[in-house]
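These notes are about the structure you will find just below.
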Amino acid sequence: RLLAPETCPLVFSEDRPSSPPPSGTILLYDRTTVRKYKDDGHIWVKKRGHAKKVREDHVKLRLNGKEVVTGTYVHSAERDTMHRRAYRLLEGPDEPSSVQRRKQNW
C-alpha cells in the first residue's frame with residue numbers, strides 16, 4: 001500500500017481541477033473520493049457518433065503474465081500535441097490514480 005493516501009509522501013488532489021491544468025501537471029487522485037477526476041476543463045476527442053463520450057485508448061501493463069497497471073490515453077480536440085494519461089494500479093479497487101497532462105513537442 002505504498003500509494004495509500006494516508007501513508008504516501010506525495011500530495012493527493014482532493015477535488016478535480018477548477019481550471020484546465022497546464023502541460024506537465026501530474027496529479028494523484030483517490031478514486032473513491034474524487035469521482036469525476038477526468039473532468040478537467042480540457043476539450044478531448046469524442047467517440048464517433050457520441051457527442052458526450054470521450055474516446056479513450058486503453059492499455060494494460062503485465063508483469064509475469066499478470067495485469068498490474070491499466071492506463072488510458074486521451075487526445076485533445078484543440079491541440080494535436082496535448083494528451084491526458086491516467087494510470088491505475090490493479091492491486092485493489094480503491095487504488096489511487098495518477099493523471100498526467102502533457103503537451104508534446106514533435
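List of remarks:
Quick grid of which residues meet (1) over 18 Å from K38 (Cα atoms); (2) at pLDDT below 60; (3) touching a strand residue (DSSP E or B) at 6+ places or on another chain (Cβ under 7 Å); (4) open to solvent by 40 Å² or more (accessible area, probe 1.4 Å):
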| position | (1), (2), (3), (4) |
| --- | --- |
| G65 | yes, no, no, yes |
| A77 | no, no, yes, yes |
| M82 | no, no, yes, no |
| Y87 | no, no, yes, yes |
| E95 | no, yes, yes, no |
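- Some residue of the range 55-64 being among the β-branched types (V, I, T) and farther than 14 Å from L89 by Cα: no
- Checked against (1) surrounded by 14 or more Cβ atoms within 10 Å (Cβ to Cβ); (2) out of contact with any Phe, Trp or Tyr (no Cβ under 7 Å at 6 or more places or on another chain); (3) under 20 Å from P17 (Cβ atoms), D30 passes all but a single condition, namely (2).
- Single condition Y73 does not satisfy, out of (1) modelled with pLDDT of 85 or more; (2) touching an Asp or Glu at 6+ places or on another chain (Cβ under 6 Å); (3) open to solvent by less than 40 Å² (accessible area, probe 1.4 Å): (3)
- Among the residues of the range 43-66, none qualifies, meaning not one is touching a residue at least 40 places away in the same chain (Cβ under 8 Å), part of a loop (DSSP other than H, G, I, E, B) and in contact with a Ser or Thr (Cβ under 7 Å, 6 or more places away or on another chain).
The values are calculated or read from the model by the stated rules, or taken from the named source; none is laboratory data. This one's a predicted model, so the numbers in the text were calculated from it and none came from an experiment. When we count neighbours, we look across all protein chains shown, and the Cβ atoms used for this are built from the backbone with ideal geometry, even at glycine. Accessible surface is based on the protein model in full, side chains and every heavy atom, while ligands, DNA and RNA are left aside. Shrake-Rupley method; radii C 1.70, N 1.55, O 1.52, S 1.80 Å.
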